[in-house]
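In what follows, a structure is listed as structure tokens, so that the remarks can point back to it.
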Amino acid sequence: MNRYVFSNPISLSEIFVRMVKITILLNLFLIFGCHHIRDYRISQRVNVLSKTIFSGGIKRSYHIYIPNSVIDTTQNSDLNQDNSIQKIQNTVNHNKYGLILFLHGRYGTGRQAMIQSDFNSVADKHKLIIIYPDGFDRSWADGRGGTPADRKGIDDVGFIEEIIKNSLVDYPIDESRIFISGHSNGGFMTQRMLLEKTELFRAGASVVSQLSENLLRKYRPSKPLSVLFINGTEDPLVPYYGGYVSDNGLILSAEESFDRWVQWNGCIGKGSISKQNSNLSDKTSLVYNLHNNCDNNTSVGIIKIIGGGHSWPGKMDEIPFIDLGNPTYEINGADTIWNFFESI
């Protein structure tokens, strides 16, 4: 007669913990798995090129969106993954296009950011090239010290600089019209790039992210530069009024970050302030503060989303079991940022 002996029976509490873990994994798959399927479809479009390089001894990747408006202009309507780079390189010299680098948030990817931000639509309308880099372990070494990339000592500044240099060789990019933007961790990385590599950019925009104390102790911009901040006053992850962010160090408030750039850019007088509350159903309203009277014709702006949380403007982002606060539908993030960039 066979006997089965269970030397380590599973307790009810252990069963409950395992069920909770399975539920979390299923939720993550349902939310992010669908995004990955959609991301894969987007990555297969002939307009999107995925490239890898070795930077700092590590294999890194990024994704380039080349809109039909650029392809048609250069008479490369048969663009495909095998010959697109060569075809774009063969365009006539007087066709030059602006470049936006968009940096995803923590736990994101370049292709996920392509969906979230919708900068591709801006590229289609305004003949721009957009690059979506992938962070290390879904994070950026933004200088605060707590992200996986920071803890590993990843040189993300060098990585992004290499992307720009390579793209200037491969594509007809106007070197005077290179912009950078990012969301959350990507927005903090944007601030690092603007401080350490000021000379590379025409302007930058950080969404639900600010300046950090660590960066301020080390860097200052090398010239006046146009900068925009977009922040929610009720952001549960990145406090609008500054303070500590989880394990990622001390940050300035959104308005202190704005004031620093006003000071660095030598802005004179008071900014122009306006308000907006066009969507009464989203529990948010906007206050715009814009300084235009600054050195080198630069501008510094902040859009204060009263009652707003951590989501990308115009979208409701979702992360399982994490409260992101109220989304705002008062503005479209990509359109708003491009309108600021275009005005410079």
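The values are calculated or read from the model by the stated rules, or taken from the named source; none is laboratory data. Note that the structure is a prediction, hence the values are computed from the model and not measured. Counting neighbours? That spans all protein chains shown, and the Cβs are built from the backbone with ideal geometry, glycine included.
Side notes on the structure shown:
- Positions within the range 127-148 being touching a residue at least 60 places away in the same chain (Cβ under 8 Å) and of a type in the set (A, V, I, L, M), in sequence order: 128, 129, 130, 131
- When 150, 134, 124 are checked against the criterion of being in contact with a strand residue (DSSP E or B) (Cβ under 7 Å, 6 or more places away or on another chain) and not assigned by TED's automatic domain parsing to the domain that holds residue 322, 134 stands alone in meeting it.
- Checking 290, 286 one by one, the residue that is in contact with an Asp or Glu (Cβ under 8 Å, 6 or more places away or on another chain) and outside any loop (DSSP other than H, G, I, E, B) is 286 and no other.
- Residue 179, sole failed condition from (1) within 15 Å of the chain's Cα centre (by Cα); (2) over 16 Å from residue 96 (Cβ atoms): (2)
- Residues of the range 276-296 classified as under 30 Å from residue 221 (Cα atoms) and loosely packed, with under 12 Cβ neighbours inside 10 Å, total: 1
- Condition met for residue 326 (more than 20 Å from the chain's Cα centre (by Cα) and outside the structural domain of residue 183 (by TED's automatic domain parsing)): no
- The residue pairs whose first member lies in the range 194-218 and is farther than 19 Å from residue 235 by Cβ, whose second member is surrounded by fewer than 19 Cβ atoms within 10 Å (Cβ to Cβ) and among the polar types (S, T, N, Q), and whose beta carbons are closer than 8 Å, counting only pairs six or more residues apart or on different chains, are 198/222; 199/222; 202/176.
- Lone qualifier among 249, 333, 271 - being crowded, with 16+ Cβ neighbours inside 10 Å, modelled with pLDDT under 95, in contact with a helix residue (DSSP H, G or I) (Cβ under 7 Å, 6 or more places away or on another chain) and of a type outside the set (Val, Ile, Thr): 249
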